[in-house]
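The values are calculated or read from the model by the stated rules, or taken from the named source; none is laboratory data. Owing to the predicted nature of the structure, the values given are computational and were not obtained by experimental measurement. FYI the Cβ positions are ideal-geometry reconstructions off the backbone, even for glycines, and counts take in every protein chain you see. Please note that ligands, DNA and RNA were not included when accessible areas were found on the heavy atoms of the full protein model with its side chains. Shrake-Rupley method; radii C 1.70, N 1.55, O 1.52, S 1.80 Å.
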Amino acid sequence: MYYLTQLSGKVPRSVCSEICPPGYRKAAREGEPTCCFDCVPCSQGEISNGTDAVKCLKCVESQWSNRRHDRCVQKQVEFLTVDDHLGLTLAVCASAMALITASLLSLFNKYRDTPIVKANNRGLSYLLLVTLLFCFLCSFMFIGRPTKLTCMLRQTIFGVIFSISVASVLAKTILVVLAFKATHPSSSSRKWLGSKTPFCIVFFCSLIQIVICVLWLAKSPPFPELNMKSYKEKIILQCNEGDTFFFYCMLGYMGLLATVSFIVAFLSRNLPGSFNEAKLITFSMLVFVSVWISFIPAYLSTRGKYMVAVEVFAILCSSAGLLGCIFFPKSYTILVRPERNTRIYLVRKHKVNKVKEG
């Protein structure tokens, strides 16, 4: 050995493996001397910051290993924000739909004395447009860093505003039925055609949702929390809904209102009359119910910012369904076919319906 060393000029090694660098640990080879080992990379969430480490050290819960696994770094805190493409897309869509709703409200106010705006209660149309505007705007409460205030308000405000919207649609549908029955001279439905009836329906239907939300905030309000269990490599900043019983009560009551409105509109869709909204309401509530039925499994199967994005998407789609199905056909008539938005056309159409009935 001495002569070999002299000839080669190298010092003989006493181990049969290289030194394990930081980020690796030594793993003994089975059936070989202890000086023979393999260098195994540390697992995710573990580090080794020295050479020839026997074992890797696990990072604390709020930290994660870097790419080299030689240092623990703070986990990234994730929430839905306008800084990423998903949040920005939803914010742009919400802004665009809110602008369209405000334009339609201005249009209907400008043509408020025309038959198509007066039909099926002008006040309810204004109320529905205003609540739809707030529906689109309430989406912004779900985008951004969750705080104690936004967590408490975003679900409750969303639930109350949507209940007012659906209650307005229900009142419009009931008004169609009452208006048809009131055409008979001996009908007792005439006394219910005043302006107080639809707004009483909206008030009492919305009051139930308000009571649910007040009880929710009083007993177990939502609050922000750091979720470290859904993902190992990042922290989810989210709103804990508190008592989920009230959350599902809020959604369930909104679904009940939508279902009742859909059934009433579907049964009255073929009633005669000019500017009968029942068909439009049927399609709008079909879209509304379909969106929220699809929302529940999608919401429960996602985590983090994607869970919030699913709810914002459902809010935007259902609101757009109500806006498009109920108000776009009327807007088309006002802007493109103004000859149909006259009393003469209304009387002529009514006579045609009479002939068809006969």
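Take the Cβ atoms of Asn227 and Glu30, set R0 to 45 Å, and the FRET efficiency comes out at 0.65. Sorting Ile174, Ile19, Ile208, Ile235 by solvent-accessible area of protein heavy atoms yields Ile19, Ile208, Ile174, Ile235, largest first, with a 1.4 Å probe. Put simply, the amide H of Asn240, placed in the peptide plane, has neighbours under 5 Å in Phe223, Glu225, leaving out anything fewer than 5 places away on its chain. Calculate, for Asn49 and Leu149, the FRET efficiency according to 1/(1 + (r/R0)^6) with r their C-beta to C-beta distance and R0 45 Å; round to the nearest 0.05. Efficiency computed from Cβ-Cβ geometry: 0.60.
Equivalent ellipsoid of the stretch 39-101: semi-axes from √(5λ) of the C-alpha gyration tensor, largest first, are 44, 9, 7 Å. Backbone geometry of the stretch 278-289 corresponds, through the Karplus equation with coefficients 6.51, -1.76 and 1.60 at θ = phi - 60°, to 3J(HN,Hα) couplings of 4, 5, 4, 5, 4, 5, 5, 6, 5, 5, 4, 5 Hz, x marking Gly and Pro. Take the Cα of Thr197, go 7 Å toward its beta carbon, and the backbone nitrogen atoms of the stretch 109-130 under 12 Å from that spot belong to 121.
Along the stretch 161-172 the Karplus relation, 6.51 cos²θ - 1.76 cosθ + 1.60 evaluated at θ = phi - 60°, assigns HN-Hα couplings of 4, 5, 5, 5, 4, 5, 5, 5, 5, 4, 5, 4 Hz to successive residues, with x for each Gly and Pro.
Once the Cβ-Cβ distance of Ala102 and Val211 is raised to the sixth power relative to R0 = 35 Å, the FRET efficiency obtained is 0.70.
With the whole protein complex present, Tyr306 retains an accessible surface near 110 Å², based on a 1.4 Å probe.
Within the stretch 35-110, the trypsin sites (Lys or Arg not before Pro) that combine a DSSP coil assignment with at most 10 other C-beta atoms in a 10 angstrom radius are Arg67.
Sorting Leu286, Leu175 on solvent-accessible area from highest to lowest, probe radius 1.4 Å, gives Leu286, Leu175.
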